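Participant: Sending over a structure as structure tokens; questions will come in a sec.
The values are calculated or read from the model by the stated rules, or taken from the named source; none is laboratory data. Since the model is a prediction, treat every value here as computed from it, not as a measurement. Positions of Cβ are backbone-derived with ideal geometry, glycine not excepted, and every protein chain shown enters the neighbour counts. Please note that ligands, DNA and RNA were not included when accessible areas were found on the heavy atoms of the full protein model with its side chains. Shrake-Rupley method; radii C 1.70, N 1.55, O 1.52, S 1.80 Å.
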Amino acid sequence: MSISATAAPLPKANFPVRRMDFSFAETSKYWWSGDPFMTHFMNNLSSLFPHGEKFFVDSVRAVRKQIEDPQLQKDISAFIGQEAMHSKEHQTYNDYAQAHGIDLDVLDMRIKVLLEWVTKFTTKKQRLAATCALEHFTATMAEQLLAREDINMQMTDPRMYKLWLWHAIEENEHKSVAYDAYLAVGGGYWLRTLTMASTSLMFIGVIAWFQLDLLRKDGQLFNWSSWKYGLKALFGPRNGYITGLIRPYLQYYKPGFHPSQQDTVALENRWRTRLGFDG
Ligand SMILES: [Fe+2]
Ligand SMILES: [Fe+2]
């Protein structure tokens, strides 16, 4: 019998890498229901992705050799493929914003400098813990975007709608990969949760800074009706987007937490069908 006939079949990744190629040539400047504040909030998030997601990939790649589980190795490859595609498509988004006079390149450059600084002063395991923390943010933000029709229906541009919901599906598909890599290299509770606390402060600080900067440069800093709309959408006590993230955020601090405890499989399946993905 030949070797190939007796060898155990190689595992397949648990999720696919989808090739996308967005164009925002037809997208207007204030694509979120015509509102400057919320459009800039999404611009803000998008400016973080090209270098942010590269940081995630580098952090996981740095420990890859220490991981023996063949299934996790396959999932790491798919994770790298998905995040690389997100970086690429968000660069397309950022170029579209730039064409509308919204300078996301300067924000992108600040993130690059910040992450280079973080990389210089941290260990591989600390960077992986930071990646787990930020992947928890992206997964829970993405889950809420998928689950909340009242929020996602405010994305009135069809290309942006598809970009963000595609990204949201994939953030949920791969939400356990960095975390499993962290566990596989012996990452523990205290590093994970202390890193979450410090990463959160940095993340919130950057978002607040960038939001004010975007509004100011666009002449929208004193557009009070847009502030009112945006603050209600984000922080409304009952239905605010960020309000809804508080509970899942706190769950990260529980000993024994794992991203898969939040079951999003049915939600992902529903959206795969809705967006016409066959895998
Ligand atoms: Fe991503
Ligand atoms: Fe991710």
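Participant: Just for segment 159-173: of the residues that are under 15 Å from TRP32 (Cβ atoms) and aromatic (Phe, Trp, Tyr), which one is surrounded by the most Cβ atoms within 10 Å (Cβ to Cβ)?
Facilitator: Looking at the filtered set, the residue picked out is TRP164.
Participant: Here's another thing I want to ask about it. Which of the following residues is assigned to a helix (DSSP H, G or I), more than 15 Å from the chain's Cα centre (by Cα), of a type in the set (D, E, K, R) and more than 12 Å from ligand 1 (Cβ to nearest atom): LYS74, LYS29?
Facilitator: Details: LYS29 fails: assigned to a helix (DSSP H, G or I).
Being assigned to a helix (DSSP H, G or I), more than 15 Å from the chain's Cα centre (by Cα), of a type in the set (D, E, K, R) and more than 12 Å from ligand 1 (Cβ to nearest atom) holds for just one of LYS74, LYS29, which is LYS74.
Participant: Here are ALA233, ALA266: which of them is within 28 Å of VAL177 (Cβ to Cβ) and aliphatic (A, V, I, L, M)? Even if it seems obvious, please write down each step before you answer.
Facilitator: Values: ALA233 fails: within 28 Å of VAL177 (Cβ to Cβ).
Of the residues listed, the single one that is within 28 Å of VAL177 (Cβ to Cβ) and aliphatic (A, V, I, L, M) is ALA266.
Participant: Another question about this same structure. Out of MET141, MET202, report the one residue that is out of contact with any strand residue (DSSP E or B) (no Cβ under 6 Å at 6 or more places or on another chain) and within 14 Å of PHE49 (Cβ to Cβ). Reasoning before the result, please.
Facilitator: Details: MET202 fails: within 14 Å of PHE49 (Cβ to Cβ).
Unique residue meeting the criteria: MET141.
Yes/no per residue for (1) within 24 Å of LEU104 (Cα to Cα); (2) out of contact with any helix residue (DSSP H, G or I) (no Cβ under 8 Å at 6 or more places or on another chain); (3) of a type in the set (Lys, Arg):
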{"site": "PRO50", "(1), (2), (3)": "yes, no, no"}
{"site": "ALA62", "(1), (2), (3)": "no, no, no"}
{"site": "PRO70", "(1), (2), (3)": "no, yes, no"}
{"site": "ALA84", "(1), (2), (3)": "yes, no, no"}
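Participant: I need a count of the residues in segment 139-164 that are of a type in the set (Ser, Thr, Tyr) and within 21 Å of THR27 (Cα to Cα).
Facilitator: We begin by selecting, within segment 139-164, every residue of a type in the set (Ser, Thr, Tyr); these are 140, 156, 161.
Narrowing further to those that are within 21 Å of THR27 (Cα to Cα): 156, 161.
So the answer is 2.
Participant: Identify the residue in segment 52-71 that is more than 12 Å from ligand 2 (Cβ to nearest atom) and either assigned to a helix (DSSP H, G or I) or of a type in the set (S, T, N, Q) (or both) and, among all such residues, is most open to solvent (accessible area, probe 1.4 Å).
Facilitator: First, the residues of segment 52-71 that are more than 12 Å from ligand 2 (Cβ to nearest atom): 58, 61-71.
Next, from what is left, pick out any that are either assigned to a helix (DSSP H, G or I) or of a type in the set (S, T, N, Q) (or both): 58, 61, 64-66, 70-71.
On the way: ASP58: 66, ARG61: 127, ARG64: 62, LYS65: 201, GLN66: 106, PRO70: 77, GLN71: 56 Å².
Restricting to residues being more than 12 Å from ligand 2 (Cβ to nearest atom) and either assigned to a helix (DSSP H, G or I) or of a type in the set (S, T, N, Q) (or both), the top hit is LYS65.
Participant: Go through segment 113-158 residue by residue and tally those that are more than 17 Å from ARG61 (Cα to Cα) and either within 13 Å of ligand 2 (Cβ to nearest atom) or exposed (fewer than 15 other Cβ atoms within 10 Å of the Cβ) (or both). Talk me through it step by step, then tell me what you get.
Facilitator: Start the filter on segment 113-158 by keeping residues that are more than 17 Å from ARG61 (Cα to Cα), which leaves 113-114, 117, 121, 136-158.
Keeping just the survivors that are either within 13 Å of ligand 2 (Cβ to nearest atom) or exposed (fewer than 15 other Cβ atoms within 10 Å of the Cβ) (or both) gives 113, 117, 121, 136-143, 148-150, 153, 156, 158.
Adding up the residues that qualify gives 17.
Participant: For segment 109-150, what are the residues that are touching a residue at least 40 places away in the same chain (Cβ under 8 Å) and among the acidic types (Asp, Glu)?
Facilitator: GLU135, GLU143, ASP150
Participant: Let me confirm something: among LEU201, LEU183, LEU191, LEU214, which residue is of a type in the set (A, V, I, L, M, F, W, C), away from ligand 2 (no atom under 16 Å from the Cβ) and over 21 Å from the mean Cα position of the chain (by Cα)?
Facilitator: LEU191
Participant: Something else now. Six or more apart or on different chains, Cβ under 6 Å: which pairs go from a residue in segment 151-179 that's β-branched (Val, Ile, Thr) to one that's open to solvent by 10 Å² or more (accessible area, probe 1.4 Å)? Could you list them?
Facilitator: ILE151/TYR241; THR156/SER33; ILE169/GLU268; VAL177/ASP75
Participant: Still on this structure, I have one more. Of LEU245, LEU231, LEU250, LEU267, which residue is within 24 Å of PRO158 (Cβ to Cβ) and among the aliphatic types (A, V, I, L, M)?
Facilitator: On the way: LEU245 fails: within 24 Å of PRO158 (Cβ to Cβ); LEU231 fails: within 24 Å of PRO158 (Cβ to Cβ); LEU250 fails: within 24 Å of PRO158 (Cβ to Cβ).
Checking each option against the conditions leaves just LEU267.
Participant: Scanning segment 99-112 for residues that are in a helix (DSSP H, G or I) and either of a type outside the set (A, V, I, L, M) or surrounded by 15 or more Cβ atoms within 10 Å (Cβ to Cβ) (or both), which turns out nearest to ligand 2 (Cβ to nearest atom)? Write out each step before concluding.
Facilitator: Just the residues of segment 99-112 that are in a helix (DSSP H, G or I), to begin with: 99, 104-112.
Cutting the leftovers down to either of a type outside the set (A, V, I, L, M) or surrounded by 15 or more Cβ atoms within 10 Å (Cβ to Cβ) (or both) gives us 104-105, 107-108, 110-112.
Working: LEU104: 19, ASP105: 22, LEU107: 19, ASP108: 17, ARG110: 21, ILE111: 15, LYS112: 18 Å.
Taking the candidates together, the pick is ILE111.
Participant: Follow-up. Working carefully through the options THR131, THR123, THR140, find the one that is among the polar types (S, T, N, Q) and either in contact with a Cys (Cβ under 6 Å, 6 or more places away or on another chain) or more than 16 Å from ligand 1 (Cβ to nearest atom) (or both). Spell out the reasoning first.
Facilitator: Values: THR131 fails: either in contact with a Cys (Cβ under 6 Å, 6 or more places away or on another chain) or more than 16 Å from ligand 1 (Cβ to nearest atom) (or both); THR140 fails: either in contact with a Cys (Cβ under 6 Å, 6 or more places away or on another chain) or more than 16 Å from ligand 1 (Cβ to nearest atom) (or both).
Within the list THR131, THR123, THR140, the selection yields THR123.
Participant: Further question on the same structure: Residues that are open to solvent by 90 Å² or more (accessible area, probe 1.4 Å) and more than 25 Å from ILE169 (Cα to Cα): list the helices (runs of 4 or more DSSP H) wholly contained in segment 183-279 that include at least 2 such residues. Can you show your working first?
Facilitator: Working: elements: 189-217, 224-235, 246-251, 265-274.
Of the helices (runs of 4 or more DSSP H) lying wholly inside segment 183-279, those with at least 2 residues that are open to solvent by 90 Å² or more (accessible area, probe 1.4 Å) and more than 25 Å from ILE169 (Cα to Cα) span 189-217, 224-235.
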